[in-house]
Amino acid sequence: MAMHARQRSSALPVWRWVQYRVPSSGSRISKAQNPGCDRRLGDSEEPPLGAHLVTPRLGFVHHGIYVGGGNVIHCGGVPGVWPRGAVEEVPLWEFSRGRPIVIRGGEPARFTAQEVVLRARSRAGEGGYRLFTNNCEHFCEWCLRGRCRSYQIERLIRWIRPWGLMSADDPRVPG
């Protein structure tokens, strides 16, 4: 029964995830209660330098790195359609497109905030977006921890492989 409830909660639409899993602006869960918790950014709050930011889209969560001055570096794309363009620096409002912004908690960064920003800026203008191996979450994980990884893609692969939609030995897909 517990497994069934867990599966149902993971199937919540992305915007429900933000509503139910992330405290609203102004409220905080103490680090003692949950040291790696995500926190919704307040309306007039500036994120910490080098913060991993996420914002919901239809069917996925988009990722970026806060670089100061009200700007985020992320894998750009066609506005409102698909995030597959070059790595670019944009204002927070353009990154979020009016949706909530969440500061991602979790595993600590391997680099200082200044190093995270330098790593993000070093890839500005880079293309080569690939959904399974080089997306916005891969980019942020590389900036923060020095490894390319996308937890969203890993969950997607675990979800579709049992249905035979993707072979376990497909060389284009990690894991």
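The values are calculated or read from the model by the stated rules, or taken from the named source; none is laboratory data. Since we're looking at a predicted model, the values are computed, not measured. Cβ sites come from the backbone with ideal geometry, for glycine too, and all protein chains shown count toward neighbours.
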### Query
Quick one: what pairs do we get from segment 29-47, first residue surrounded by 11 or more Cβ atoms within 10 Å (Cβ to Cβ) and part of a loop (DSSP other than H, G, I, E, B), second modelled with pLDDT under 85 and among the aliphatic types (A, V, I, L, M), C-beta under 7 Å, 6+ apart or different chains?
Cys37/Ile29; Asp38/Val22
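A quick yes/no check of all residues on (1) touching a strand residue (DSSP E or B) at 6+ places or on another chain (Cβ under 7 Å); (2) modelled with pLDDT of 90 or more:
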residue: Gly106; (1), (2): no, no
residue: Ala109; (1), (2): no, yes
residue: Ala120; (1), (2): yes, yes
residue: Leu131; (1), (2): no, no
residue: Cys136; (1), (2): yes, yes
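For (1) buried (at least 19 other Cβ atoms within 10 Å of the Cβ); (2) in contact (Cβ under 8 Å) with a residue 12 or more places away in the chain; (3) within 17 Å of Val72 (Cα to Cα), each residue gets a yes or a no:
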{"site": "Ile103", "(1), (2), (3)": "no, yes, yes"}
{"site": "Ala113", "(1), (2), (3)": "no, yes, yes"}
{"site": "Arg121", "(1), (2), (3)": "no, yes, yes"}
{"site": "Arg130", "(1), (2), (3)": "no, no, no"}
{"site": "Glu137", "(1), (2), (3)": "yes, yes, yes"}
{"site": "Leu144", "(1), (2), (3)": "yes, yes, yes"}
